[in-house]
């Protein structure tokens, strides 16, 4: 009898030109990761090859590439809707082209998908801009599909049912979700456990992150160490098991190494191992 497949634990790591950032992943005793970059100067074949070589040397598998885009980014409720993702018309087409370049990079790297925040997706189906945003997503998803890649939405800036609607509407067959349960809470958009009933079948990776709901109308709720926020991880992991999720839990801790990031990641690895 074959052993039942279980969730794997990995970590989100910044892309380095020489691939040495992979060492940190291996030092945590992990064998999978997501790599992330917001620097388009890193989007080169040489950097992709250097990281691919290092991944092979360390026995680390890249589950997806998190693709940052150029231009202003305001992570709040004030300017977020007009600066984030491919929703703002002023930045949309430049960011579509950037995502296509990152898709090419992902192919060279050997990643099966790219991830990004598409932005505050319009919730009103009759909004003219909703059609334009769907067309922009279609442009990126279709390009990825031609490259043999999936295109995954990072959750947070839209309600679960809104995200489901765009996946169904675009309908390219290669769309998925990188579920960040903390973001759903921090943006005040939903409960991550209940959200799995809405879009669970599309979840490909999970960001192991924790957070709390916002307490004013201008700023996001705070991100906190896994297990100390409002995600309710024992219930969340149990729900993931219930829906048959056997993918990767990618740890993301949004503080610096000087603030204790490495210690928190190590603690989170132990905590998640107990839950899964």
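The numbers here are math on the coordinates, done by the rules we state, and not lab data. All figures in this text were calculated on a predicted structure; none of them were measured in a lab. A quick note on method: Cβ atoms are made from the backbone with ideal geometry, for glycine too, and the neighbour counts reach across all protein chains shown.
Numbers at a glance
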{"quantity": "Residue 267/residue 108 FRET efficiency (R0 35 Å; Cβ-Cβ; nearest 0.05)", "calculated": "0.55"}
{"quantity": "Label-to-label distance, nm, for residues given as residue 216 and residue 23 (7 Å Cα→Cβ offset)", "calculated": "4.3 nm"}
{"quantity": "Residue among 218, 209, 54 with the largest mean-square fluctuation in a Gaussian network model of the chain, springs linking Cα atoms under 10 Å", "calculated": "218"}
{"quantity": "Cα-based convex hull volume of region 28-176 per residue, rounded to whole Å³", "calculated": "115 Å³"}
{"quantity": "Among 262, 183, 41, residue whose mean-square fluctuation peaks in a GNM of the chain (springs only between Cα atoms under 10 Å)", "calculated": "41"}
{"quantity": "Residue 128/residue 202 FRET efficiency (R0 45 Å; Cβ-Cβ; nearest 0.05)", "calculated": "0.95"}
{"quantity": "Computed over the chain: relative contact order in percent, which uses C-alpha pairs under 8 Å that are six or more apart", "calculated": "17 percent"}
{"quantity": "Expected-Rg normalisation [2.2 N^0.38 Å, Cα atoms] applied to region 8-275", "calculated": "0.95"}
{"quantity": "Considering only the chain, percent of DSSP beta bridges that pair antiparallel, nearest 5", "calculated": "5 percent"}
{"quantity": "Listed residues 155, 83, 215, most fluctuating in the chain (Gaussian network, C-alpha, under 10 Å)", "calculated": "215"}
